[in-house]
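What follows draws every value from the coordinates through simple rules; no lab data is involved. Keep in mind the model is a prediction, meaning the values are calculated, not measured. Please note: Cβ atoms are built from the backbone with ideal geometry, for glycine as well, and neighbour counts cover all protein chains shown.
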Number of protein chains: 2
Amino acid sequence: MIQVCLSLLAKPNDTAARIETLQSLMLRVEAEPGLLACRLYVRADNPDAICYVEEWQTPDELNQQIRSSHYAQLISVMEEAAEPPDFRVSWVSDVKGLEYLSAVKETER
Amino acid sequence: MIQVCLSLLAKPNDTAARIETLQSLMLRVEAEPGLLACRLYVRADNPDAICYVEEWQTPDELNQQIRSSHYAQLISVMEEAAEPPDFRVSWVSDVKGLEYLSAVKETER
């Protein structure tokens with residue numbers, strides 16, 4: 001799985017517009033093949049700090065998006081940020097759920 | 001790097017209390033060795049949907065936390081959720097920044 005995470009600070013009075021743009025982007029991305037999840041958050045302590053997350057099945061599916069109008073729009077959202085945004089692509093090699101907590105605790109015994 | 005992501009829906013009128021508990025937890029976690037980042041978000045389309053993220057340098061450092069009172073408190077936050085929460089531990093093998101976008105676009109040429 002490959003995860004994209006864009007964290008940005010919206011300019012004053014511009015947060016609602018940035019969120020609206022990203023939400024309309026999400027509607028289009030959600031129909032794309034290989035998309036596992038797409039979510040939009042704001043920081044609990046700062047509603048102007050936006051975090052946009054996409055999860056893709058494979059790098060090929062993400063790369064196809066990077067060459068599309070979708071990422072052109074994402075880059076224009078970045079350019080509108082109050083500060084240079086943080087953009088990260090993470091390669092996730094393994095994922096575990098709640099069972100991981102029990103497994104770690106058992107090894108303690 | 002290892003990432004913990006807890007997504008939960010707070011019960012009606014309980015969001016502020018859950019956020020406060022997680023924020024006080026963050027203050028303690030931030031002083032722990034091996035912690036790279038700790039962030040608290042709410043969904044842009046649903047402020048009762050909370051997302052708590054921790055990033056640890058190594059699994060050993062996370063495992064030590066799992067055996068501590070910190071995770072006992074995190075589990076009690078999960079138990080207070082309106083629905084069974086989503087808890088994920090992700091092993092991140094590689095991270096790239098904005099340069100990844102240019103690199104992908106160049107391979108297109």
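Remark: chain B is approximated by an ellipsoid whose semi-axes, taken from the C-alpha gyration tensor as √(5λ), come to 29, 20, 11 Å, largest first.
Remark: the range A:88-103, residue by residue, has Karplus-estimated 3J(HN,Hα) of 9, 10, 10, 8, 9, 8, 7, 9, 10, x, 4, 4, 5, 4, 5, 4 Hz, where x stands for each Gly or Pro and the curve is 6.51 cos²θ - 1.76 cosθ + 1.60 at θ = phi - 60°. Considering only alpha-carbon pairs that sit under 8 angstrom and 6 or more positions apart, the relative contact order computed for the range A:24-79 is 29 percent.
Which longest run of chain B has no exposed loop site in it, a site being GluC sites (Glu not before Pro) in a DSSP loop with at most 15 other beta carbons within 10 Å, and the site itself not part of the run? So the longest stretch without any such site is B:31-79.
In peptide B:50-62, how many Cβ atoms from other protein chains are near each Cβ within 10 Å, on average?
Counting other chains' Cβ atoms within 10 Å and averaging over B:50-62 gives 1.
With label points defined 7 Å past Cα in the direction of Cβ, position B:Asn13 shows copy-to-copy spacings of 3.7 nm, given to one decimal and shortest first. Shown here is the pair-distance distribution of the protein assembly as shown: with all Cα-Cα distances grouped in 5 Å bins from zero up to the longest one, the shares run 1, 6, 14, 18, 18, 18, 12, 8, 3, 1, 0, 0 percent. Computed per residue of the protein assembly as shown from DSSP H runs no shorter than four, each worth -39500 (n - 2.57), the mean residue ellipticity at 222 nm is -12000 deg cm²/dmol. At a threshold of 8 angstrom on Cα-Cα distance, excluding pairs fewer than six apart, so keeping six or more, what relative contact order does chain A reach in percent? 41 percent. Spatially, the range B:76-109 and the range A:16-85 are offset by 12 Å when compared through their Cα centroids. With the largest listed first and rounded to whole Å, the semi-axes of the equivalent ellipsoid of the range A:50-109 from the Cα gyration tensor are 35, 16, 8.
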